[in-house]
1. Could you tell me which of the pairs Lys83/Lys150; Lys83/Lys116; Lys29/Lys89 are separated by over 32 angstrom between their Cα atoms in the structure shown?
2. What length, rounded to one decimal in nm, is gained on full extension from Leu74 through to Ile102, with 0.36 nm per residue of separation minus their alpha-carbon distance?
3. Classify the range 10-85 as rounded, prolate or oblate from the Cα gyration tensor: take a ≥ b ≥ c as the square roots of its eigenvalues, call it rounded if a/c is under 1.5, otherwise prolate when a/b beats b/c and oblate if not.
4. Based on the alpha-carbon gyration tensor of the range 65-161 and its eigenvalue square roots a ≥ b ≥ c, which shape applies: rounded if a/c is under 1.5, prolate if not and a/b is larger than b/c, or oblate?
Amino acid sequence: MDIGFPGIYLYFSLYQIGFFFIGLYFAQKGFTFSNGIIALVCALFYAGYISLCLIGHELLLLMFIAGFSAIYVLMYLCEKLEKIKFSDKIAWLGRNSMNIYILHAPILVVGRAVLKRYLISIPWLYVFVLSIGAIIIALLVSNLIIKKIKILNLLLFGAKK
C-alpha cells in the first residue's frame, strides 16, 4: 500500500508504532537494557539480518526479531551514554527526538530530490548529509517556529505549552 509521499509509506509507519508501544510498556515496568552480552548477541543478529536482506532473503519473522534486537542494542547504548561527560546534551537531543521523528520525513523527501539532482552521487555521503541535515533542520523548525505557535505545537507534538 503506497499511501503517502515518495519514500514515506503508511505500512512502514504502522510497522514502527508497535515497537513504540512495546517500548512504552517496558519503560513503565522499569526494564533495563544493561546486559552487554545480550546487546552483543542482538547486534550480531541484526548485522546477520541486514546481510541476508542485502542478498535478497527478507523473512517477516526475522524482521520482527531484528527489530527487537536493534531496540535492545540502542537502549543499551543509551544507558551507557547516560554516564558520559556530554550526557546533558544527549538528553536534550532525546527530549527533542519526537520533534525530529515527526519532521524528518518531509525534510528527507525534499532533501533527497535536491541532493540527487544537484549535488551528491556518492551513496554514503548522500546518506550522511541527508541524516545530519534532517536532524538539524527538524530541530531548528521545531524549536524556532512550531513550539512558538500554540496550535501547531499541539497538533504536531501534542504539547499544550
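Every number here is computed from the coordinates shown, using simple stated rules; none is lab data. Quantities reported herein were computed from a predicted structural model and do not represent experimental measurements.
1. Violating the 32 Å limit, Cα to Cα: Lys83/Lys150; Lys83/Lys116.
2. 8.1 nm
3. Here the range 10-85 falls in the oblate category.
4. It is oblate, given that a/c is not under 1.5 and a/b is not larger than b/c.
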